[in-house]
1. Residues being surrounded by fewer than 23 Cβ atoms within 10 Å (Cβ to Cβ), in contact (Cβ under 8 Å) with a residue 60 or more places away in the chain and within 20 Å of Gln57 (Cβ to Cβ): count how many of those fall in region 92-127.
2. Please go through region 461-476 and give me each residue that is under 11 Å from Ala363 (Cβ atoms) and either crowded, with 24+ Cβ neighbours inside 10 Å or of a type in the set (Lys, Arg) (or both), ordered by number.
3. Select the strands (runs of 3 or more DSSP E) contained entirely in region 369-481, then report the ones holding at least 3 residues which are of a type in the set (Gly, Ala, Ser).
4. Test Ala363 against the stated conditions and say whether it is small (Gly, Ala, Ser) and closer than 19 Å to Met290 by Cα.
5. If the requirement is being in a loop (DSSP other than H, G, I, E, B) and either within 24 Å of Gly366 (Cβ to Cβ) or at pLDDT 95 or above (or both), which of these qualifies: Leu263, Leu277, Leu233?
6. Among the residues of region 347-382, count how many are buried (at least 20 other Cβ atoms within 10 Å of the Cβ) and either at pLDDT below 95 or closer than 21 Å to Met398 by Cα (or both).
7. Which of the following residues is within 24 Å of Arg240 (Cα to Cα), crowded, with 23+ Cβ neighbours inside 10 Å and at pLDDT 95 or above: Val312, Val344?
8. Test each condition in (1) farther than 16 Å from Val264 by Cβ; (2) small (Gly, Ala, Ser); (3) surrounded by fewer than 16 Cβ atoms within 10 Å (Cβ to Cβ) for Ala304 and report the one that comes out false.
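The values are calculated or read from the model by the stated rules, or taken from the named source; none is laboratory data. The structure presented is a predicted model; accordingly, all values stated were derived computationally and were not measured. When we count neighbours, we look across all protein chains shown, and the Cβ atoms used for this are built from the backbone with ideal geometry, even at glycine.
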Amino acid sequence: MKLGRVATTVGKLRADLIAVPIVAGVPVSRELAELDKESGGKLLREVRRRSSEPGKQGALSIYQTHGEMRADLIVAIGVGRAEAQRLEPEAWRRFAGQAIDAARGARAKSVAISVASAGAGEPALAALGAVVEGALLADYQIEGWKTARGGFRVERCTIAGAPASRGADRVVARAEALADATRFARDLINGPAEQVTPDHLGRISKRLGREHGLTVHVHGPDEMKRLKMGAILAVGRGSRNEPRLIELIHRPRRGSSAGPVALVGKGITFDSGGLSLKPPASMEIQKRDMAGGAAVLGAMQAIAALKPDIEVRGYVAAAENMPGGRAYRPGDVLRSFNGKTIEVLNTDAEGRLVLADALGWAAVGGFGRRVKPRWMVDLATLTGAVTTALGRSIAGVMGTDRELVRRLIEIGRETGEPMWELPLVDEYVSGMDSSIADLKNVGDGTAGTIYGGLFLREFTAGLPWAHLDIAAVAYTDKGRPYVPRGAVGWGVRTLVGLVERAAQEG
């Protein structure tokens, strides 16, 4: 989809479909009044006839112009109530997503989306960026696997009433980089596990390095043996697709006093559960178990494009968890990179094992043992328990640094990737006590998400750290505005926002 923007209002544009927002409590916006006048008063009458609350978020009214106006269709979309005369970016993303969905449904090749209601200044720039993100993310389709041609695609999207300035150029470039990176992460997650193997992720990472100027190290089994990463090696032992620990480094063009930020992703490319085999229904979508790793790769792509003045290190612990003659067993004791020993009681609690080695490696500074990170953040489809606790729209977050957790929650609200803090309950640590090792890889059968976080904390070397359990939000069976069915690419935009914030503060 080709994207453009103009400062003129939608009333002066030709397009197959024009989309305008309706803000709750605002009787008539400028662009709606302009289009209503052109329709001879028919448009507003139709909108009001169809809905008693046209400004309610998600409410949609389609007006067929029958050739009497510059557009064939006018779509009025409710965006909810503005707080302090300003809509949140997420409202604009959803608006743009619904506009693209409506255009696709109507087989409209060209669409114009109005942001004139955002006003001027910083709110207008925020709305512009959010609409670009929402439109590009809504345009995403899974491609490459069906023999038949994919679904209908919108060819051109014009954002009308957009500010024209260098600041607007930067906002659009940033939004395009974030959308491209999120779509890249979606492609990785949606790809079949027979193709998206640990080795494939390593090769993709090297390509990112060549194309975007990142330093990349892909540690194979031999090197991980030398580094004594017994946890990730054990998880990958039952598969013919050997594990990889992938490390990508963005170094700023000029020096920064800010310490590095480490981003760590779980990259289980397929999770059968190992010898603690999953039931068939739970195994169908286990190719998505590398969604945390995909988010880190996507974030590193965007970071390389945006070039923040801070060092960023991305780590992906990639392995395939399979049963087999060489598979690790319940009752085995593993020695992790930081020296802690782990008694395995459930081979399906493998994500925390690969992250144990990755976090330990990140904590010492990774390749070259450089400066220890200022912050460490890991993302993982770690527990089904998080869905029970928070449902399918909110990720769980926990951590050792109050300011880091607060910032993640705040940035997640801005990016449309909400999260809720869960406690790291020290009283529960004894539930992981083992009679033969330093700790077990599962708790006492309760509070599964919290036990996952407590386990990971053991490998962070006391550094400021936060853990995002994204098991409930990484994949969706139901499409929603700007998120088609399938992989969400959750976390890419939040990670980039965190890095940018750290770079700005120094």
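1. 2
2. Trp465
3. Per the criteria, 395-399.
4. Details: small (Gly, Ala, Ser): yes; closer than 19 Å to Met290 by Cα: no.
Answer is no for this residue.
5. Among Leu263, Leu277, Leu233, only Leu277 is in a loop (DSSP other than H, G, I, E, B) and either within 24 Å of Gly366 (Cβ to Cβ) or at pLDDT 95 or above (or both).
6. Residues flagged as buried (at least 20 other Cβ atoms within 10 Å of the Cβ) and either at pLDDT below 95 or closer than 21 Å to Met398 by Cα (or both) within region 347-382 amount to 25.
7. When all the criteria are applied, what remains is Val344.
8. Ala304 satisfies every listed condition except (3).
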